[in-house]
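**Q** Quick one: structure below, then a few questions.
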Amino acid sequence: MRVLVTRPESENERSAAQLRQRGHEVVLAPLLRMEPLDTPLGNGPWVAVVITSINAARAIAAHPQLGRIKALPLFAVGRRSAEAARVAGFADVVSADGDAADLVRLISGRLPHTELPLLYLAGEERAADIAAELAPEGLVVHTAVVYRAAKVASFPRDAHSELMAGTIDSVLHFSRRSAETYLQCAQA
């Protein structure tokens with residue numbers, strides 16, 4: 001089967017390798033581009049850092065204020081985001097090994113009744129509202145947007161050619177935004 005993979009460049013090759021191991025042919029068409037932002041993180045102090053995406057860890061690695069926060073404990077949603085945080089320079093990293101609900105449970109269990117806020121490193125668009133989820137636990141969260149997923153305007157040349165020739169058997173979408181971008185590129 002010939003599969004079009006629409007993940008951003010930072011993730012598409014990993015998915016492609018898994019598909020190739022299963023005998024599929026892969027065409028890469030990253031439809032979102034992750035862009036780090038130099039948004040000020042705020043004044044702090046914070047009790048810990050929270051991330052719900054590998055993209056947040058990658059964005060903070062190049063952030064001018066990384067040195068101020070990398071000694072803090074960091075709570076990550078999953079193993080891959082935890083590993084990316086370690087690569088970025090964080091030493092005290094704990095993974096929820098799950099989703100946003102697992103992360104909220106982990107944080108509320110480890111940080112009950114803290115006076116200091118948490119620093120949530122987030123993307124412009126988020127599937128979960130970590131601050132709202134932790135508020136009933138008495139935890140305050142300061143959200144700093146450190147990256148955005150920018151849509152591309154058109155399919156990459158190879159993907160466009162394959163789609164026009166009708167040689168693509170399936171398309172993998174990994175988010176609502178990538179599916180919307182795919183439709184916009186197809187209309188264009």
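The values are calculated or read from the model by the stated rules, or taken from the named source; none is laboratory data. In this text the structure is predicted, and so the values were computed from the model without any measurement. With ideal geometry, Cβ positions are generated from the backbone for all residues, glycine too; neighbour counts draw on all protein chains shown. Ligands, DNA and RNA are stripped out before the accessible areas are found, and what is left, the full protein with its side chains, is counted by its heavy atoms. Shrake-Rupley method; radii C 1.70, N 1.55, O 1.52, S 1.80 Å.
**Q** With every protein chain present, what is the per residue accessible area of region 89-174 (1.4 Å probe, Å²)?
**A** Heavy-atom SASA per residue in region 89-174 reads 56 Å².
**Q** Relative contact order (percent) for the chain, with alpha-carbon contacts under 8 angstrom and 6 or more residues of separation?
**A** 27 percent
**Q** Using per-residue counts of other Cβ atoms within 10 Å, averaged over each peptide, order 25-32, 60-67 from highest down. Please list the in-between numbers first.
**A** Numbers: 25-32: 21.0, 60-67: 15.8.
Order by mean packing, descending: 25-32, 60-67.
**Q** Still on this structure, I have one more. Which loop trypsin sites (Lys or Arg not before Pro) in region 1-35, with loop taken from DSSP, have no more than 13 other Cβ atoms within 10 angstrom of their Cβ?
**A** Of the trypsin sites (Lys or Arg not before Pro), the ones in loops of region 1-35 whose Cβ has at most 13 other Cβ atoms within 10 Å are ARG22.
**Q** Express the carbon and sulfur contribution to the solvent-accessible surface of region 58-188 as a percent, rounded to the nearest whole number, probe 1.4 angstrom.
**A** Carbon plus sulfur share of accessible area: 51 percent.
**Q** Now, a different point. Give, as ranges by residue number, the residues of region 171-188 whose backbone N falls under 17 Å from the point 7 Å along Cα→Cβ of ARG2.
**A** From region 171-188, the list is 171-172.
**Q** Using the heavy atoms of the protein chains and a 1.4 angstrom probe, tell me the accessible area per residue for region 21-88 in square angstrom.
**A** Accessible area per residue, region 21-88: 48 Å².
**Q** Let me have the 222 nm mean residue ellipticity of the chain computed from DSSP H runs of 4+ only, each contributing -39500 (n - 2.57), with the sum over all residues rounded to the nearest 500.
**A** Calculated at 222 nm, the ellipticity per residue is -11000 deg cm²/dmol.
**Q** Which whole-angstrom value gives the distance between the alpha carbon centres of region 102-142 and region 42-62?
**A** 12 Å
**Q** Find, among the trypsin sites (Lys or Arg not before Pro) in region 49-78, those assigned to loop by DSSP (not H, G, I, E, B) with at most 16 other beta-carbon atoms within 10 angstrom.
**A** Those that pass, being in a loop and sparsely packed, number zero.
**Q** Over region 73-126, what relative contact order in percent results from Cα pairs under 8 Å that are six or more residues apart?
**A** Answer for region 73-126 is 31 percent.
**Q** Please report the base-10 log of the normalised intensity I(q)/I(0) for the chain, using a Debye sum with one equal scatterer per alpha carbon and no solvent, at each q in 0.08, 0.17, 0.18 (1/Å).
**A** Summing over Cα pairs of the chain leads to -0.31, -1.04, -1.11.
**Q** With charges set only on the Cβ (+1 for Lys and Arg, -1 for Asp and Glu), what does the dipole of region 1-44 come to about its Cα centre, in debye to the nearest 20?
**A** 300 debye
**Q** Assign unit charges at the C-beta atoms only (+1 for Lys and Arg, -1 for Asp and Glu), then state the dipole size of region 77-128 relative to its Cα centre in Debye, rounded to the nearest 20.
**A** Using only the charged Cβ atoms, the result is roughly 120 debye.
**Q** Can you find, among PHE155, GLN184, ILE130, the residue farthest towards the positive end of the dipole of region 59-188? Put +1 on the C-beta of Lys and Arg, -1 on that of Asp and Glu.
**A** PHE155
**Q** Additional query: Multiply the residue gap between LEU172 and SER108 by 0.36 nm, knock off their C-alpha separation, and tell me the result in nm, one decimal place.
**A** Full extension of this stretch gives 19.6 nm more.
**Q** Within 12 Å, Cβ to Cβ, of SER10, how many net charges do the neighbouring residues add up to if Lys/Arg are +1 and Asp/Glu are -1? Please report the intermediate quantities before stating the final value.
**A** Details: positive: ARG7, ARG14, ARG33, ARG58, ARG80; negative: GLU9, GLU11, GLU13, GLU35.
That sum, taken over residues with Cβ under 12 Å, equals +1.
**Q** Another one. Can you pull the one-decimal nm distance between simple spin-label points at HIS24 and ASP99, each 7 Å off the Cα toward Cβ?
**A** Using points 7 Å along Cα→Cβ, the separation is 2.2 nm.
**Q** Let me spell out the model: positive unit charges on the Cβ of Lys and Arg, negative unit charges on the Cβ of Asp and Glu, origin at the Cα centre of the chain. What dipole size does that give, in debye rounded to 20?
**A** 320 debye
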